[in-house]
Structure formats: structure tokens, C-alpha cells
Amino acid sequence: MSLALALQSGDVTSLPSRRDEAWRYTDLRAALRAIPEASPKDEASITAGPFAAIAEAEALVIVNGFGPDRLTVAPGEHRTVSLRFIASPAARAHHAALAIEVADGGFLTLLESHEGLGSDYVSDLAISLQIGSGATVERVAILNDSAEAISVVTATVDLGANATLNQTVLTTGAKRQRFETHVSHPGQGASVRLDGVYLLGDARHSDQTTVVTHNGEGGTTNQLTKGAVRDSARAVFQGKITVERGADQTDARMGHHALILSERAEIDAKPELEIYADDVSCAHGNTVGALDEEALFYIRSRGVPLEEARALLISAFVGEVTDRISHEGARQVAQDWLLASGMGAS
Amino acid sequence: MAAVKKTIDQVEQLETYEHGFVTDIAQDFAPRGLSEDIVRFISAKKEEPEWMLQWRLEAYARWLQMEEPDWAKVEYAKVDYQNLYYYAAPSQKAGPMSLDEVDPELLKTYAKLGIPLREQEVLAGVQGAPRYAVDAVFDSVSVVTTFKKELAQVGVIFCSFSEAVREHPELVKRYLGSVVPTTDNYFACLNCAVFSDGSFVYIPPGVRCPMELSTYFRINAQETGQFERTLIIADKGAYVSYLEGCTAPQRDENQLHAAVVELVALDDAEIKYSTVQNWYPGDAEGKGGIYNFVTKRADCRGVRSKVSWTQVETGSAVTWKYPSCILRGDESVGEFYSIAITNGRQQADTGTKMIHLGKNTRSRIISKGISAGNSSNTYRGLVSAHAKATRARNFTQCDSLLIGKTCAAHTVPYVEARNASAKFEHEATTTRLSDDQLFYVMQRGLSREEAVQLLVNGFVREVLQELPMEFAVEAQKLVAISLEGSVG
């Protein structure tokens, strides 16, 4: 059951539905009656992407699934790549696969953007990410899908000893959107940070799913996802950390904190721990609530209009996540993205 | 030397599972296997009215269409439903009787288990000592219910389920299956078809039940499934505290226990339900033991009603159990306090569901899981707020403690908020006993084993505090015993 399979076969019955445990909050079957025809090759309408301001970034563009299928970083090499997945106005349905390899000691700043210029396209992307020993990947992904789109991004990450993956996902959702990250964690001093922010309005949906498996001793994982939903939007967070037998001295933390801003909005969370080793320290926290009325009142008593006060509180709330982005330019882009989201409006 | 002797005795007891004896007693069995005829047989044995039989047959027909669930994180050899006895009862005259007519072997069994069946025995202790009424269920039938007269004086109905069907059909008809519908799940549906006995409690409006009520379940017969049903109704403004205890003999084959418990709390009513589950867990290699597949659910139907579940789960080879609260009434409260301990090759998948439907509903979940040996312990829970459940509030804390390299602990919480004013908090931690704490306690002169016991007791204290006093003492001992032998 996967979107990739359905795109290949044209058969909607192979779409995952809420009967599949891993997709219970993201029912693609109900959202898609028929598989559209394949997207055409179309490179006419490329505009500047969200990371355009970062001058040192080299661009790698994939439009409607057409483009390069490989990205490599040589041993010890530093690269900053703006990886753009674009669904053009003519996009219908497409699938793309990209293999990224960062050799030992390499450093890749991956500025990833998913830009939906079309309307009701269906997009499926599979990314495999190999991070060599001592190598680092800083991945910042901005998902700007259109409101009618169905989009699934699945990344599979393999790390070497002492490797680092720092990931931040920023999304405004789509009709159905899933951003899935699977990490095979070797322990051995490797470190993983998986962060996410969602700001959803109207009838948008977004699902951030992570699966981290600790296979060896001495690994760390740190996750923080925050977001806000309003109107009839629906946010989903599913995080799973598995600590395999023998993966002692694992330190894993997961946090998911969300704000519900309107009566019809919904948040579903499933933070899971699966632990087979005893010398570990694992924790998860999950909170869901409304904006603090007292804090709002306090700001308004200082003469700030309601809408602005709300926006201020929301951006302070999720700002904790964007502050963790270490690439200065990317952090700035993320903060601008927050301000532009207009979440404060009631 | 007395202390040393006591330790030796205790250790010997452990190796044999204290309650693992078999009572040799004449018993009536239903023919082996399951069919419509068996359902009719059970119903006839219980002298049930026609409507009850129809209800069972309907459930049986539905059960045949259902599939056994496999989503829980437990692995076990599938039950051969045709190879079980669905009814086993000590041979005796039908109908109510005095304690003197009960088979002395049975009385001995309960004496051995420390369950007071004679009212004067309960009273024999210190003046003003807390008393509790007991419904003793032996395999498929209720043997005796104590303090019935005294309870009847205040209008409390406490009797076996079969008696309730005969004496209070209007109450049974009204509430049976209203919390756990027939087709709720595979095991509950099976229970509807073949349930044999259990306890029935009705607390009339405004009555505070004068004593603790309790049911003691005992599986004795070989290759027998136990399917009991408990229905507790607290009418407006009523209060009741109910305890449940369970044990079974030590056998090499697995035995099935599939119970259904339904609680109904009307306006301003409160039900406190405590369980100390100590079914035979199987031996160290995982041979034998009880499959405990239980459906427990409370319906907080009235405004300001409250249901509190407290469970200490130390036994069973496999546990599949999620005591839940449907918070339907405005301002109703649900609580779940749980200690689940697994050792040897035990597997437990347990937790709760708090379903917030009414306004200003509150719930609290405290779950403490301890796994040792080669066992696996899963917390699985759901907290959900319906769109109309304004200002729903939940706090959840799940802590897992791992003792040893080969055990496993899992946490699978589901949180579904469909309401802007809902406030849900969940936190979970998984750790092992801290070396620092162990060292600190041991340098005060405690042995390693004692130090672990002390720390574990501290870990589960929050839940033990919720148990009625007599049970808390027993539970504390159980915690120590269950972990015996797990410290290297």
C-alpha cells in the first residue's frame, strides 16, 4: 500500500487508507477517487524559490518528477544545495526518486523546497540519504503545496558512525500531505535532530511521521515538533523511536506541542517508544491546547491589536523550533516564512 | 534467624507460585467445544429466561463472523476454541444456600487464598476494622456472596450475575451490553455468547455503599475458559468501591480468561474499581499461564459522575486489557491508575481509553510499567476529545522501568483533539533503575534485592496510594514477589 504503487499501477485500491494503522489519520484512499494521468515535462514557469536569497546555494531542480536523480558530496567536501521539487501548473500526477550520498567527513546543507504551482496535482517523492562517517547533513525543507494537492515525501536515511543529521520541516499543508522520515541510527556517536513546524489553515491537512531505529550503542535523537491549526485544518504527528537490543546508552527525546485555534480544527498525535535495551534514557512529551488567554490579555493591555497579539504568541511558540536551525541564512528564511504565514488572523 | 527463615519460605513460595495449587473437587462440565448447543446448554444450566438465551445466540452468530484481533504487541499460540470447556462448576444443588452446604474443599480453597467467606471471620478482627463483602466465583459459577442481607437493608443489590438475571431482569435488560456492545470486539462477543457468571451490583440513588464490595475469581478446572461478566450500576448520587482479585492453578497449558466488565455511573455517582490480577503467569520458559483478554469499560453517563480504575497487573502469560472511560456526562471525571509488572516471558499490552464527549470533562492517567526477565510490557492508550467536549482536560503520565538486558518496554499513546479548548498533556519516560540511587540505598546497608524493592516501591507509589488499604498491602507484597529473581 503506497502512493508510489498506486501511481505506477493506476489502481486506487492500492492507496493507503485509514484501515492501515500507519495511515489512520491520513486517508489517501478517501481523498483520491481516481489516479490522474502522468504530469507532462514542463520547465517554462520556474520562478525564484524560497531559498533564492541564499547566494552560495547551487540549484538542483526537479519539475513534475523530471530532473536529476543523484546528488553526491565527496569526502571532506562542503556543499550547499537548493533542492527544488516543483509541481508546475500543468502537473497532474508524478513520482520522482532521488539518491543523495554524502561521503565520509562531507558536509551538505540541503535547502529543500516543495513548490506547488499547480492546483490538484498528486506528487510522490522518494529520497534516500546516505550519510558517511563523521559527515553532516543540515536539511531544511519548506513545503509550499497547493491547497488541493496530494503530496507524499518519504526519506530514508542511513547514518555512519559519528555522523549528524539535523532536519527541520516547515509546512502549511495540502489537501493531504505526508512528510515521512525513516532513520536507521547506528549509535556510535551519531546524532539526529528531527524538527518540524506546521501552520495550517482552511481545510488543509499535514502529517509528519518519523521512525528512528537505534541499532547500536551511544546514539542520540532529539525531536521537537510544534504547530498550530485553525479553521477546519487537521495536523498529524506520528513519531516512533525504537531502541533495539544492545543499543545501550541511547539518549532519545521527542516533543510534540500544538495549538488548536478554532473549534473545527483537529490534532492527532501518536508518539511511540519501543525499547529493547535497559541502559537508555528515553522520553516523550505531547501537549495540545489553546493559546493562553492571560498571555493574550497581557499583550493586548499593552495596546497590541488582537490579531497581532495572536500572531506574536504563535510565532514565539513555534519560533523555538526555527531557532534550532544552525545555518544562519536558512534560519532567516524560516523565520520570514513564519511571519508570512498569517496565522494570527482569526 | 526468624528473618532468614521467612526469606527462605518466601523464596520457596515463589518458585511454586503461591496460588498454584489445584482443588480436587467434583465438577460438572459442559461437553468440550463450542457450538449453538453449548450456548443453549449454559443458558439452560443457569435457568435463564428466553430473552437471555436469544441475546447469547445472537452474539454467538455475530462472533462466528468476527476475526481475532492481532494489533496488540503480544505473541501467543492461537487458542483452539473447539478444544475448551466453556462451563465447569462444582457439583452442588442449584439455587441459594447457606455456607454450611458449600463443599468443605471449596471453603478450604478460599481459606488458603485468604479470602474471608464467613461473615463472622471478617468481623473477628479488631473492632471497627474495615469490612468487605465477597462474591466468590469458582470457574464458571458464583459459589457464595457474603453480606447480602446487610447490603439489602440499604437497598444495595450485590449478587451473582445469574441471580440478577432471575431476580432483577428489568435492571439487567436495561444495562447489559449498553457500555460494551455485543460486537465491540472478538473476545467481548465470545463472552456475550458463553458467559457463565460474574457479579452484579446496583447502588440505589443517594446511597453510599457501606462496605467495600469484592469479587474473587478462581480458575480451577483444566482446559477451561473462564468468561465472567460484571455489571455495576451506580444510580444518581451513589458511591461504591469495588475490588477484584484473581488466581489460577499452575498448569502447563494456557487457559483463556475473557471477561467483560461494564460500569454505569449516573448523575453525581462515583465508582471506584480496583483490580489485583495475579493469574498464573506461566513458568520461566513461558510454558503455561493464563491468557487474560478482558474488556473493561465505564460509561460516565450522568453529569458530575466519576469512575476511577486502579489496576495492579502482575500475573497472566498474556494480558490484553484496556479499562476505559466514556466521559459522556458534563463535568464527569475518569481516572486510570495502573501498575503492570512483567517478568519471565510474560507479555502485557495494557492501557486505557479516555473518550471525552461532555463539557468540562477531566481525565487523569498514571501508568507505571515494569519489565524484567524476557518479558514485554506495552502501554497503549487513547485520549480523545469530541468537538462538543469544550474544556476537556487530560493529564497522562506513563513511566516504564526496565530491569535487565532482555526485557522490552513500549509506549503507544494516541491523542486526538477535535476541540479548541481541550487541553491535553502527555509525558512518558523509559529508564532503568538509576545506579546512583541503588548505590545510595545499598551503602545504607540494604542488600541489592532489598534496594531494588525499595526503589520499585517508590516508583509505583503513586498508584498504590489509590488502592483501598487491605489491597494496597497485598499489592505491595505482590510487586516484590513478581520481581523476585530478576536482579542479577
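Here residue A:41 is the anchor, and the lysines within straight C-alpha reach of less than 25 Å, apart from those fewer than 8 places off in the same chain, are A:175. Once Lys and Arg get +1 and Asp and Glu get -1 on their Cβ, which of B:441, B:473, B:419 lies farthest toward the positive end of the dipole of segment B:419-488? The listed residue farthest towards the positive side: B:441. Eigen-decomposition of the gyration tensor built on the alpha-carbon atoms of segment A:127-175 gives equivalent ellipsoid semi-axes of 28, 11, 5 angstrom, largest listed first. Net charge near residue A:166: determine it from the other residues with C-beta under 11 Å of the C-beta of residue A:166, scoring Lys and Arg +1 and Asp and Glu -1. With Lys, Arg at +1 and Asp, Glu at -1, the net is +1.
Using only alpha carbon pairs under 8 Å that are at least six residues apart, calculate the relative contact order of chain B and give it in whole percent. Could the numbers behind the result be given before it?
On the way: 1223 pairs, mean separation 47.9, N = 488.
Reported relative contact order: 10 percent.
Magnitude of the Cβ-charge dipole of segment B:368-488, K/R +1 and D/E -1, about the Cα centre, nearest 20 debye?
Approximately 520 debye in magnitude.
Looking at the protein assembly as shown, what % of the alpha carbon pairs are farther apart than 43 Å? Display every interim value, and only then the final one.
Numbers: 129621 of 347361 pairs.
So the pairs more than 43 Å apart make up 37 percent of the total in the protein assembly as shown.
The contact residues of segment A:232-273, meaning those that lose at least 40 Å² of 1.4 Å-probe accessible area when all protein chains sit together rather than their chain alone, are A:245, A:260, A:263, A:266, A:273.
Could you tell me the total accessible area buried at the A-B interface, probe 1.4 Å, in square angstrom to the nearest hundred? It would help to have the intermediate numbers written out before the result.
Values: alone 14300 and 20280 Å², together 31880 Å².
Roughly 2700 Å² of accessible surface disappears when A and B pair.
With Cα atoms as the point set, the radius of gyration and Dmax of chain A evaluate to 19.7, 60 Å. Here the Debye sum runs over all C-alpha atoms of segment A:219-346 as equal scatterers in vacuum, and log10 of I(q)/I(0) at q = 0.09, 0.13, 0.20 Å⁻¹ comes out as -0.34, -0.66, -1.14.
Net charge dipole, segment A:1-45: roughly 240 debye, given to the nearest 20, about the Cα centre with Cβ charges of +1 for Lys and Arg and -1 for Asp and Glu. The listed residues A:43, A:328, B:262, once ranked by accessible area (1.4 Å probe) with the largest placed first, stand as A:328, A:43, B:262.
Along segment B:195-212 the Karplus relation, 6.51 cos²θ - 1.76 cosθ + 1.60 evaluated at θ = phi - 60°, assigns HN-Hα couplings of 4, 10, 7, x, 10, 10, 10, 10, 10, x, x, x, 9, 9, 4, x, 8, 5 Hz to successive residues, with x for each Gly and Pro. Summary value for chain A: 10 percent relative contact order, contacts being C-alpha pairs under 8 angstrom separated by 6+ residues. Highest mean first, the peptides B:75-86, B:341-352 sorted by other C-beta atoms within 10 Å per residue fall in the order B:341-352, B:75-86.
For segment A:61-168, state the average projected area of the convex hull of the C-alpha atoms over all orientations, rounded to one decimal in nm². Don't skip to the answer; put the middle values down first.
Details: hull surface 23.0 nm².
Mean shadow area of the hull around the Cα atoms is 5.8 nm².
Partner aspartates and glutamates whose Cα lies under 19 Å from the Cα of residue B:477, excluding those fewer than 8 positions away in the same chain, are identified as B:9, B:12, B:15, B:18, B:244, B:313, B:449, B:450, B:462, B:466. Residue A:54 contributes about 10 Å² of solvent-accessible surface, heavy atoms of the protein only, 1.4 Å probe. Largest first, the residues B:401, A:60 sort by 1.4 Å accessible area into A:60, B:401. The convex hull around the C-alpha trace of segment B:172-236, projected and averaged over every direction, spans 5.6 square nanometres. Where the alpha-carbon atoms of segment B:251-374 are placed on the principal axes, they occupy 49, 23, 18 Å, in descending order. Residue A:182 sits with roughly 60 Å² accessible to a 1.4 Å probe, with DNA, RNA and ligands left out of the calculation.
When the Gaussian network model of chain A links Cα atoms closer than 10 Å, the mean-square fluctuations of A:309, A:334, A:228 top out at A:309. Remark: spin-label model distance residue A:328-residue B:170 equals 8.2 nm, labels positioned 7 Å along the Cα→Cβ axis. Computed from point charges on the beta carbon alone (+1 for Lys and Arg, -1 for Asp and Glu), the dipole magnitude for chain A about its Cα centre is near 660 Debye. Rounded to the nearest angstrom and listed largest first, the equivalent-ellipsoid semi-axes of segment B:322-385 from its Cα gyration tensor are 29, 9, 7.
Taking all protein chains together and a probe of 1.4 Å, list A:41, B:236, B:359, B:296 from the most accessible to the least accessible.
Numbers: A:41 145, B:236 115, B:359 95, B:296 5 Å².
Largest accessible area first, the residues go A:41, B:236, B:359, B:296.
Considering only alpha-carbon pairs that sit under 8 angstrom and 6 or more positions apart, the relative contact order computed for segment B:299-421 is 23 percent.
Please give the direction-averaged projected area of the C-alpha convex hull for chain B, in square nanometres with one decimal. The orientation-averaged projected area of the Cα hull of chain B comes to 22.9 nm².
The values are calculated or read from the model by the stated rules, or taken from the named source; none is laboratory data. Not measured: the values here are computed from a predicted model. For neighbour counting, all protein chains shown are included, and Cβ atoms are generated from backbone atoms with ideal geometry for every residue, glycine included. When the accessible area is computed, the model is the full protein with side chains, heavy atoms only, and any ligands, DNA or RNA have been set aside. Shrake-Rupley method; radii C 1.70, N 1.55, O 1.52, S 1.80 Å.
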